[in-house]
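*Asks:* Take this structure first; my questions come after.
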Amino acid sequence: MHMRLEEERRAVVRYGQAMLRANLTTGTGGNLSCVQRERGWVAISPSGVPYDALKPRDVVVVDLEGRKVEGDLKPSSEIGFHLALYRHRHDIGAVVHTHSVYATTLACLHWEIPAVHYLVGFAGPKVPVAPYATYGTDDLARNVWQTMGPDYQAVLLANHGLVAVGANLPKALDTAEEIEFVARVFCQAKSIGDPACLDDAEMERVMEKFKSYGRQDVDPES
């Protein structure tokens, strides 16, 4: 039988396993999804299934209001903030939520990640912290999308983890990986002294350059 959103469901499996291999989460922690805008459907990882055992048919398809379209399992308990981000930001095509160690360490300190390294520009001029709320609640969903705002590509969740977004799953996962790197550098720098941060003007230049990063049709000096 034909699966709805087969390509998207396969991508959730592939990038969920990539998230595990990159040590961005453990066991069944974290979650990820992608949206098919034309139909208004979302493919989201199921609740409580280990990524290395995940099959495309296990991935749940819901609409943007959370009504199940296809799938036998329950969607991730964090479905609320995935759907809220898709509803409020039409540029977002995928959401990745990790429990990566260094980002989560900073989230537990309620420390935003400043421009300690230019790669923070994958998320914005900094990575802000969304206020704490119990996982899986409407309060957490609201805190996430309000903190993400119109421009950020990642936020820390206080006492919880990281949420990264992107036009698609590869870009969202890339952002999660880069922000975990910067979080580790920031933790290590803070353990030695007070790191020097890049100013707003430099971060604006960096983020402008990132718009063409990886595109082979763009002059790297332009």
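*Asks:* Please report, as a whole percent, how much of the solvent-accessible surface of segment 89-137 comes from carbon and sulfur atoms (probe radius 1.4 Å). Mind showing how you got there, number by number?
*Replies:* Numbers: 1260 of 2010 Å².
Here it works out to 63 percent.
*Asks:* Remind me, relative contact order of the chain in percent, using alpha carbon pairs under 8 angstrom and six or more residues apart?
*Replies:* 20 percent
*Asks:* Count charges around R184 for me, please; just the other residues with Cβ under 15 Å from its Cβ, Lys/Arg as +1, Asp/Glu as -1.
*Replies:* -2
*Asks:* On average, how much accessible surface per residue is there in segment 20-78, in Å², for a 1.4 Å probe, leaving out ligands, DNA and RNA?
*Replies:* Per-residue accessible area for segment 20-78 comes out at 49 Å².
*Asks:* Roughly what % of DSSP beta bridges within the chain run antiparallel, to the nearest 5?
*Replies:* Just about 95 percent of them are antiparallel.
*Asks:* With the crude spin-label approximation of a point 7 Å out along Cα→Cβ, what separation in nm comes out for Y132 versus R57?
*Replies:* The two pseudo-label positions are separated by 4.2 nm.
*Asks:* Okay, next question. Once you keep just the Cα pairs under 8 angstrom separated by 6 or more residues, what percentage relative contact order results for segment 152-208? Mind showing how you got there, number by number?
*Replies:* Working: 30 pairs, mean separation 10.3, N = 57.
Worked out over segment 152-208, it gives 18 percent.
*Asks:* Okay, moving on. At a Cα cut-off below 20 Å, give the lysines reachable from K126, other chains included and same-chain residues fewer than 8 away excluded.
*Replies:* Correct list for K126: K171, K190, K209, K211.
*Asks:* Right, something else. Per residue, how much accessible surface does segment 92-138 expose to a 1.4 Å probe? Answer in Å², no decimals.
*Replies:* Using a 1.4 Å probe on heavy atoms only, each residue of segment 92-138 averages 40 Å².
*Asks:* With labels modelled as points extended 7 Å from the Cα through the Cβ direction, what inter-label distance (nm, one decimal) is found for R14 paired with E65?
*Replies:* So the two model labels end up 3.3 nm from each other.
*Asks:* Right, here's the next one. What is the magnitude of the charge dipole of segment 63-166 about its Cα centre, with +1 placed on the Cβ of each Lys and Arg, -1 on the Cβ of each Asp and Glu, and no other charges, expressed in debye to the nearest 20?
*Replies:* Computed about the Cα centre, the dipole is about 120 debye.
*Asks:* Turning to a different aspect of this structure: With all protein chains present, how much of the accessible area of segment 145-186 (probe radius 1.4 Å) comes from carbon and sulfur, to the nearest whole percent?
*Replies:* Percent of accessible area from carbon and sulfur atoms in segment 145-186: 48.
*Asks:* Give, in whole angstrom and from largest to smallest, the semi-axes √(5λ) of the equivalent ellipsoid of the chain, with λ running over the eigenvalues of the Cα gyration tensor. The partial results should precede the final answer.
*Replies:* Details: eigenvalues 167, 77, 50 Å².
Listed largest to smallest, the semi-axes of the chain are 29, 20, 16 Å.
*Asks:* I need the peptides 83-95, 176-188 ranked by packing, meaning the mean over residues of other C-beta atoms within 10 angstrom, with the highest value on top.
*Replies:* 176-188, 83-95
*Asks:* What is the distance in Å between the Cα centroid of segment 4-38 and that of segment 67-123?
*Replies:* 12 Å
*Asks:* For K74, give me every one of the lysines with a C-alpha distance below 22 angstrom, ignoring sequence neighbours fewer than eight places off in its own chain.
*Replies:* Within the straight-line limit of under 22 Å, K74 reaches these lysines: K55.
*Asks:* Let me ask another. Mean Kyte-Doolittle of at least -0.5 and a Cα length of 20 Å or more along the axis: which whole DSSP H helices of the chain meet both?
*Replies:* Length and hydropathy pass: 169-192.
*Asks:* Work out, in µm²/s and without decimals, the Stokes-Einstein translational diffusion coefficient of segment 1-83 at 4 °C, 1.567 mPa s, Rh from Kirkwood over C-alpha pairs.
*Replies:* In µm²/s, the coefficient rounds to 104.
*Asks:* For the chain, what is the calculated [θ] at 222 nm in deg cm²/dmol (nearest 500), taking -39500 (n - 2.57) for each run of four or more DSSP H residues and dividing by its residue count?
*Replies:* Only helices count here, giving -11500 deg cm²/dmol.
The values are calculated or read from the model by the stated rules, or taken from the named source; none is laboratory data. Values in this document were obtained by computation on a predicted structure and should not be read as measured data. Every residue, glycine among them, receives a Cβ derived from its backbone with ideal geometry; neighbour counts consider all protein chains shown. In case anyone asks, the SASA skips ligands and DNA or RNA and just uses the protein heavy atoms, side chains included. Shrake-Rupley method; radii C 1.70, N 1.55, O 1.52, S 1.80 Å.
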